[in-house]
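These notes concern the structure reproduced below.
The values are calculated or read from the model by the stated rules, or taken from the named source; none is laboratory data. Being a predicted model, the structure only gives us computed values, none of them experimental. Here Cβ is always computed from backbone atoms with ideal geometry, including for glycine, and neighbour counts include all displayed protein chains.
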Amino acid sequence: MTLRDEVCACGALAREIAALRRANGWTDVDVQCLPPELHNRPERIVPAVREQIMAQRSRYDTIFVAYADCGTGGMLDVLLREEGVERLPGAHCYEFFAGAAVFDQLQSAEPGTFYLTDFLLRHFDRLVTRGLGLDRHPELALEYFRNYRKLVYLAQNPAPHSVEQARQIAQGMGLEFESRATGYGELGSRLTALLASREERQWPR
């Protein structure tokens, strides 16, 4: 019998996961993405993931979660243990893309680093400027970003002017700038490993 599985994914990873799904021929895996705006209110991630699991559980043999901890303070893992669901290992997507070793080096070199990905760069105005209310209250930027010293752009598949766009954002925030071409980093290998033994996992009936 062919199993059909679902990946409940962060919307900020939608494009990359869709590309990996095509490249690996995961035709028996459906991807459902939750709104990336949840990252501005991480306390809402766990209820949203719980709702998705409850809504889809009867339809799939297995559900996997393509989130890292993402600021939930371990509460996402508490939920997933209760539900018997596995997620991608890691603290956040920046670690996926940079790779664990490189990300540790970046953080050790400058803990006050603001990270951009292709997704966040494309939607910076919606998620950061308007999402944090900086369009209405620009003075809040001093509070939000006062502990940052550097901006690092982790580029997956950048558009021609992406690096310059990221550089301008860094300048506007008064931050030192660095760009690194990461591709998908460890996202592909971590997602592949997560799905590798799915044939052995089925919901208790």
How about the stretch 1-38: which of its residues are touching a residue at least 24 places away in the same chain (Cβ under 8 Å), assigned to a loop (DSSP other than H, G, I, E, B) and more than 12 Å from the chain's Cα centre (by Cα)?
T2, L3, R4, W26, D28
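Residues are listed down the side, and each one gets a yes or a no for (1) under 14 Å from the mean Cα position of the chain (by Cα); (2) modelled with pLDDT under 95:
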{"residue": "F96", "(1), (2)": "yes, yes"}
{"residue": "R126", "(1), (2)": "no, yes"}
{"residue": "L134", "(1), (2)": "no, yes"}
{"residue": "P138", "(1), (2)": "no, yes"}
{"residue": "A159", "(1), (2)": "no, yes"}
{"residue": "G174", "(1), (2)": "no, yes"}
{"residue": "S179", "(1), (2)": "no, no"}
{"residue": "R205", "(1), (2)": "no, yes"}
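Would you say G84 is closer than 27 Å to F114 by Cβ and outside the structural domain of R122 (by TED's automatic domain parsing)?
So G84 fails the test.
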Can you tell me which residue among A109, A101, A91 is aliphatic (A, V, I, L, M), exposed (fewer than 14 other Cβ atoms within 10 Å of the Cβ) and within 21 Å of L38 (Cα to Cα)?
A91
Could you check A159 against (1) within 14 Å of L120 (Cβ to Cβ); (2) crowded, with 17+ Cβ neighbours inside 10 Å and say which number it fails?
(2)
Strands (runs of 3 or more DSSP E) fully within the stretch 56-164 counting 2 or more residues that are free of Cβ contacts under 8 Å to residues at least 40 places away in the same chain and aliphatic (A, V, I, L, M)
150-155
For the stretch 39-72, which residues satisfy the criterion of being within 16 Å of the chain's Cα centre (by Cα) and more than 30 Å from D125 (Cα to Cα)?
F64
Is it true that some residue in the stretch 180-199 is surrounded by fewer than 17 Cβ atoms within 10 Å (Cβ to Cβ), out of contact with any strand residue (DSSP E or B) (no Cβ under 7 Å at 6 or more places or on another chain) and of a type in the set (V, I, T)?
yes
